[in-house]
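Derivation of every value follows stated rules applied to the coordinates shown; laboratory data play no part. Keep in mind it's a predicted model, so treat the numbers as computed, not measured. Reconstructed Cβ throughout: ideal geometry from the backbone, glycine too, with neighbour counts over all protein chains shown.
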Amino acid sequence: MTGLIRVSKDLRFSLANARISYLFQVSPEGILEHLYFGQNIGSESQLPAMPRRSFRGATNEFEGIAHYNLSDIGQEYPLFGRSDARHPALHLINADGNTTNTLLYQSYTISKQKPPLKGLPSARGGDSETLLVTLVDKVSQLHVVLSYTVYQHHDVVCRSVEIFNDGEKPVVLDHALSSSLDLPAGDYDLLHLRGSWAREFDAQRMKLPAGTFSISSASGASSNHHNPFIAVMQAGTGEQHGRVIGAALMYSGNFAITVEQGEFGPVRMSLGINPFNFSWQLPPGESFVCPEALLTFSPLGLEGMSHNWHRFVREYISPTQFNNESRPSYLNSWEAAYFDLNEELVLQLAEQARSIGLQMLVVDDGWFAGRHNDRSSLGDWFSDKQKFPNGIQATAAKVKQKGLKFGLWMEPEMVSPDSDLYRAHPDWIIQVPGRTLSTGRNQLVLDLSRNEVVEYLFKRIDDILCGGDIDYIKWDMNRTMTEIGSTHLPSHQQLETAHRYILGVYQLLSRITSKYPDVLFENCASGGSRFDLGMLRYMSQGWVSDMSEPVGRLAIINGASYLFPLSVMASYIGPVPSHQNGRLVSLKMRSEVGFFCAARGLSLNSGDIDKDQQALVEIIKFYNATADDVVSGVYRRLQFGENEVCWQLSSADGKRIYVGYFHILSEPNLPFRRAYLRGLDAQARYQLVDSDQAYSGDALMYMGIDLPYVHAIQQQGTDYMDQGDFSSHLMTLIRVDGE
């Protein structure tokens, strides 16, 4: 591996691989000045665009240095109030009680190893180099270490920060971000993902406004309101053209991403822990570690950015045990039984799952002590002896004897007021004194900032998994935080509660997943309320939304795909009418939208399975046969509109191409449509499955392939989709020559 990080004698830093460059330098004053992030620049010795010092009317000059105004200078880790009034990366109250601080360059080191972050998830190293730059403030007696990792084969830069108090008195952090990136003045668009329950990952694109735009969460989780991801792009960027910078935070708690256009036009993008309702007491001799931020650049539009993320998430974030493993098709017990589970019914469901070719049975809510509805028993993670006399592990063993894997639902972070755990430990919940607690779903949040709570949960989960017959855990989290406080923290540390909680979650997950690396964990939080890169560092897949109805899922999968690969998404075919929106949608469309998630299954009652058994056998056979392709394949958004959606998935070896076309509302006399495929071998031929037609790769890409016609009046000789609303068509093409 050639050197990825170079440092000149005059302290100009270059982090680069064959495709991207990230450049910054140390100014004569010691300020770390940002220079560039974008396509690779072969030589950094002579740069045609550099920070300029010029007279600006009605501005202040840093430390009286003529024409040096930090409001007009790109910086790697900016602070507030020393001639720069823009959004800072770090804002703290020092030992003197003021917020005036200055970080100046001291030293750097370069390592082939990527050190882990203390207590936080981070991307793995490998074929990479890490640069550590130390900045100091001798007056405030603190220093900061900025970490940058660049990869040989991935166009991603990882950034993190550690803040040290070198003085003899505590300092107070109220704004400690992970990354700040300054971009030159220009015409930019933004893309971010907003939503709410069952409407997650709604992609919003807008022109960058003058002033400040921000997305954030303050609910104790990364939230379904906004995902900790943003893209800033050249105006007019499309799927295949235009310069795009994507940023994402590996953090599952309260976050903030801010994009600010300064008074002279430059743009600052910053991300990290949400400074709202946050404060951290940093004692002498201690440090604070900020979550890891990831940055990527692509000159090839939004698809290029997405492919950067997809490859990186699979190879450097997702747990290695399941990176390239096909996910088992499954039956979830929820719609079949709800809370009315018992061993006999579970074994019946196992037989039914096996009869249609499914590979795993998942027992959802209702298996643990006293759990007959959603008003009790969370926290009491013991098998219900009336439903499972020999314990859930014994039932799991019987299911496995039938040749199936066995999965289990849990919600470890929550407690019901009506539970033995709460009665024994009412102080173990997130709460503030003298306030009547809000509830959500009849439950409260356990205070995982307390070590004894983490220990209790580890022991309970360990006892469940130690028998070796549990193959999969669906880890749910159905309530966000209110009345945020902890009974074990002193008053001046109460605003640390939310972050300490997330550190407790990560500690618990790290211990459990390290001890049981062969258990497949799925992240869930009322659907996508905590679907982020931090959780996916421990769990190989996530329940992207409770919206299982396929028309509602189209925008969710499409939006999530800007950051997340299909390999980390889970779905199932649910009942009709839909529980989420009452919509009646065919089994065909339910299965074909569900195809575009790696973890695929059913949540249907026995009667529905019997009614559609023959069709389900064929669907599950197809799911199982294509499971590897969805885990490792290349996904493309061919078209997304209000009434029609078209996606493409290519197998990793390029031999199989899947095209899904989804039409929502039927109308008369619509135009004929084509799909222009991408990424094919132009010289190869591709056979359309269930047809005698074969087409050249160049024709499929440049001329396009006809899509079925939507029309209520159907005549012989025309290729039609199903009549009426909510129709879909999934075609498969196989490369037959030109290999």
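Here is how the numbers come out for the structure above:
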quantity	calculated
Charge-dipole axis of the chain as Lys and Arg at +1 and Asp and Glu at -1 on Cβ define it, positive-most pick from Leu677, Ser54, Leu302	Ser54
Fewest-first ranking of Val551, Val505, using other Cβ atoms within 10 Å as the exposure measure	Val551, Val505
Relative pair counts by distance (%), Cα atoms of the chain, 20 Å bins	16, 47, 30, 6, 0
Hits among aspartates and glutamates - C-alpha to C-alpha of Lys169 under 20 Å, sequence gap 8 or more where chains match	Asp96, Asp137, Glu286, Glu496
Met535, Met50, Met701 arranged by Cβ crowding within 10 Å, fewest neighbours leading	Met50, Met701, Met535
Principal axis dimensions, largest first and in whole angstrom, of region 1-46 by Cα	33, 19, 17
Rh by Kirkwood over Cα pairs, then Stokes-Einstein D for region 136-236 at 0.890 mPa s and 25 °C, µm²/s	144
Rel. contact order, % - alpha carbon contacts under 8 angstrom, at least six apart, region 639-737	34
Calculated P(r) of region 76-320 - Cα pairs past 32 Å, %	19
Cross-link partners of Lys112 among aspartates and glutamates (Cα-Cα below 13 Å; sequence separation of 8 or more within a chain)	Asp127, Glu129
Whole-percent pair-distance distribution, where bins are 5 Å wide, for the alpha carbons of region 284-389	2, 10, 13, 11, 9, 10, 11, 11, 10, 8, 4, 1, 0
Cα gyration tensor shape of region 1-125, rounded if a/c is under 1.5, else prolate or oblate by comparing a/b with b/c	oblate
Average Cα contact separation per residue, the chain, under 8 Å, 6 or more apart, as relative contact order %	10
Percentage relative contact order, region 120-240, counting C-alpha pairs under 8 Å, at least six apart	17
Size of charge dipole - the chain - debye, nearest 20, with Cβ of Lys, Arg +1 and Asp, Glu -1, no other charges	620
Area projected by the alpha carbon convex hull of region 309-448, averaged over all directions, nm²	11.3
Angle between the chain longest axis and helix 392-401 axis [Cα atoms, degrees, rounded to 10]	60
Cα-centred dipole magnitude for region 660-739, charges only on beta-carbon of K, R (+1) and D, E (-1), debye, nearest 20	200
The chain: calculated mean residue ellipticity at 222 nm from DSSP helix runs of at least 4, using -39500 (n - 2.57)	-5500 deg cm²/dmol
Convex hull of Cα atoms in region 331-374, direction-averaged projection (nm²)	2.9
Farthest toward positive dipole pole in the chain [+1 Lys/Arg, -1 Asp/Glu at C-beta], among Ser606, Gln39, Pro433	Gln39
Region 639-737: radius of gyration over Cα atoms, expressed as a fraction of 2.2 N^0.38 Å	1.10
Too-long pairs where the Cα-Cα distance tops 28 Å, listed order kept, from Lys515/Lys621; Lys118/Lys474; Lys398/Lys588; Lys114/Lys515; Lys398/Lys621; Lys114/Lys405	Lys515/Lys621; Lys398/Lys588; Lys114/Lys405
Residue (of Ser128, Leu345, Met703) at the positive-pole extreme of the chain, dipole from beta-carbon charges	Ser128
